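Right, one structure below, let's go through it.
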Amino acid sequence: MTPIYKFMFMKKVLFLATIILFIGAFGCKKAVEDIKRNYVIDIMTNGRWYVEQFKEGSTEVTADFAGYEFQFYENGKVDGIKNTTTQQGTWAADVSALTITSNFPSAVAPLQKLNAVWKLTDSYPDLVVAQTVVGADTHYLKLRKKP
């Protein structure tokens, strides 16, 4: 094989290797994202949650959520349950952005306070700590899984 053919052959091999590595890396990244997303969904949908703390800036408003429980579902639905009343909403997790978006479209206070994109600041299998900015205030939320 002449040097020019060797060069052309090596160039093609290098090009194909680059494409294969790119596809492999992209596929692995997607697989890792899927695993993370499934982990979040599993944690959120197994059991009911309650508001352990809610602050609007420095104002404590946790008592507004007394008696509410939240059931999250894999299909992106969430129920806000108090006694025999259920308000339906939606939720979505963005694992790469570390956010959870919740929306109770027809709800009134206090559930409407949850309508936001919440940035996760800490999380465990039984606790989620998040915050969002509303106007000039930062709202802080702690959700705890019921034992």
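Taking the stated definitions as given, is Ser123 part of a loop (DSSP other than H, G, I, E, B) and modelled with pLDDT under 95?
Taking the combined requirement at face value, the residue does not satisfy it.
Checking Ala97 against (1) within 15 Å of the chain's Cα centre (by Cα); (2) at pLDDT 95 or above; (3) of a type in the set (Gly, Ala, Ser), only one condition comes out false. Which one?
Checking Ala97 against (1) within 15 Å of the chain's Cα centre (by Cα); (2) at pLDDT 95 or above; (3) of a type in the set (Gly, Ala, Ser), the one that fails is (2).
Only one of Ala107, Ala17 is over 19 Å from the mean Cα position of the chain (by Cα), at pLDDT below 95 and surrounded by 16 or more Cβ atoms within 10 Å (Cβ to Cβ); which? Don't jump to the end; show me each part of the working.
Details: Ala17 fails: surrounded by 16 or more Cβ atoms within 10 Å (Cβ to Cβ).
Unique residue meeting the criteria: Ala107.
Among all residue pairs at least 6 apart or on different chains, which show Cβ distances below 7 Å where the first residue, located in region 79-103, is on the phi > 0 side of the Ramachandran plot and the second is surrounded by 12 or more Cβ atoms within 10 Å (Cβ to Cβ) and in a strand (DSSP E or B)?
Sorted first by the residue in region 79-103, then by its partner, the pairs are Leu98/Lys119; Leu98/Leu120.
Quick check, is Asp64 without any contact (Cβ under 8 Å) to a residue 12 or more places away in the chain and not polar (S, T, N, Q)?
On the way: without any contact (Cβ under 8 Å) to a residue 12 or more places away in the chain: no; not polar (S, T, N, Q): yes.
So Asp64 does not fit the description; no.
Suppose we filter region 44-97 for residues that are assigned to a loop (DSSP other than H, G, I, E, B), aliphatic (A, V, I, L, M) and exposed (fewer than 15 other Cβ atoms within 10 Å of the Cβ); how many remain? Let's see the steps before the verdict.
Looking only at region 44-97, we keep the residues that are assigned to a loop (DSSP other than H, G, I, E, B), and these are 46-48, 57-58, 61, 66-67, 73-76, 83-84, 95-97.
Okay, now just the ones that are also aliphatic (A, V, I, L, M), so 61, 66, 95, 97.
Now restrict to residues that are exposed (fewer than 15 other Cβ atoms within 10 Å of the Cβ): 66, 97.
Residues meeting the conditions: 2.
If the requirement is being of a type in the set (A, V, I, L, M) and out of contact with any Lys or Arg (no Cβ under 8 Å at 6 or more places or on another chain), which of these qualifies: Ala93, Ala66?
Working: Ala93 fails: out of contact with any Lys or Arg (no Cβ under 8 Å at 6 or more places or on another chain).
Of the residues listed, the single one that is of a type in the set (A, V, I, L, M) and out of contact with any Lys or Arg (no Cβ under 8 Å at 6 or more places or on another chain) is Ala66.
The values are calculated or read from the model by the stated rules, or taken from the named source; none is laboratory data. Remember, predicted model here, so these are calculated numbers, not experimental data. Don't worry about glycine lacking a Cβ; one is built from the backbone with ideal geometry, like all the others, and counts go over all protein chains shown.
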